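First comes the structure, then the notes that go with it.
The values are calculated or read from the model by the stated rules, or taken from the named source; none is laboratory data. All values derive from a computational prediction rather than experimental measurement. Remember, those area values only see protein heavy atoms, side chains included, never the ligands or the DNA or RNA. Shrake-Rupley method; radii C 1.70, N 1.55, O 1.52, S 1.80 Å.
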Amino acid sequence: MQVSSMRLSRLRVWPLALLLLVTACARESVYFEEQTMGDEGWPADAPAEFAFDVPDTTQAYQLDFVLRHGDEYPNANVYLFVTVLSPQGAQRCDTLNYRVADDRGAWLGKGFAGEREVRLPYAEEVRFAEPGVYTVRVQQGMRYQTLPGVRRFALQVQLATQSSVDDGQE
C-alpha cells in the first residue's frame with residue numbers, strides 16, 4: 001500500500017515539474033498579431049503591417065515572424081522585404097531569405113492535415129533606440145503576383161530572457 005501511494009505521488013509531481021520547467025524557459029510574449037491572407041495566397045502588393053509599443057528601451061526583445069502555409073506552397077524558401085519604422089519615422093529595410101523546406105523537400109516547422117507553421121527568427125536581443133510605437137511592414141518578395149499557399153503571417157515580440165542577454169554581453 002505504501003509503495004503504490006509513493007508512485008501516485010510521483011505521478012502527480014511530474015506534470016507540475018514539467019509545467020514549471022516549460023514556463024521558466026518560455027519568453028514573455030508582449031505582442032502577437034496574425035494576419036490572414038485570402039484564399040488565393042499573399043499578394044505582392046499587400047504587405048502585412050504590425051504596430052507594437054516599446055515602453056522600455058533598456059529591455060532586450062526577440063522578434064519572430066510566423067508563416068503558416070499549405071502543402072500547395074510552391075517553394076522551399078520565402079523572400080521577405082521588411083521595413084521597420086521607428087516612432088520618429090526612422091526606417092530600416094531588410095531583405096531576408098528563409099527556408100521552409102529541407103534539401104529533400106520535407107517541410108520545416110510543425111503542423112498536420114496539409115498546413116505547416118514555420119517560425120522565422122528576425123531579431124534577437126534587440127534594444128530599441130526610443131520608446132513608442134514601432135511599425136513593421138513585411139512584403140513577400142517571391143516572383144509571384146500572389147504567392148499561393150500562404151494562409152497566415154504573424155509577428156511575435158517577446159522579452160529576451162535575462163540569461164541570453166547576459167551571455168551576449170560577455
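Ignoring everything but the protein chains, give the 1.4 Å probe accessible area of LEU108 in square angstrom, nearest 10.
Using a 1.4 Å probe on the heavy atoms, I get roughly 60 Å².
Any idea of ARG151's accessible area? Nearest 10 Å², probe 1.4 Å.
70
Rounded to a whole number, what % of the accessible area of the stretch 26-73 do carbon and sulfur atoms account for, probe 1.4 Å?
Using a 1.4 Å probe with all protein chains present, the stretch 26-73 comes out at 42 percent carbon and sulfur.
State in Å² the accessible area per residue of the stretch 20-165; use a 1.4 Å probe, count heavy atoms of protein chains only, and round to the nearest integer.
Spelled out: the 1.4 Å probe surface of the stretch 20-165, per residue, equals 54 Å².
Taking θ as phi - 60°, what are the ³J(HN,Hα) couplings along the stretch 89-101 by the Karplus curve (6.51, -1.76, 1.60), each to the nearest whole Hz, with x for Gly and Pro?
Along the stretch 89-101, the couplings run x, 5, 10, 10, 10, 9, 10, 10, 10, 10, 7, 10, 9 Hz.
Accessible area of GLU115, 1.4 Å probe, to the nearest 10 Å²?
Number for this one is 50 Å².
Determine the gain in length on full extension of the stretch ALA101-THR135; use 0.36 nm per residue of separation and subtract their C-alpha separation, reporting nm with one decimal.
Stretched fully, the ALA101-THR135 segment lengthens by 9.4 nm.
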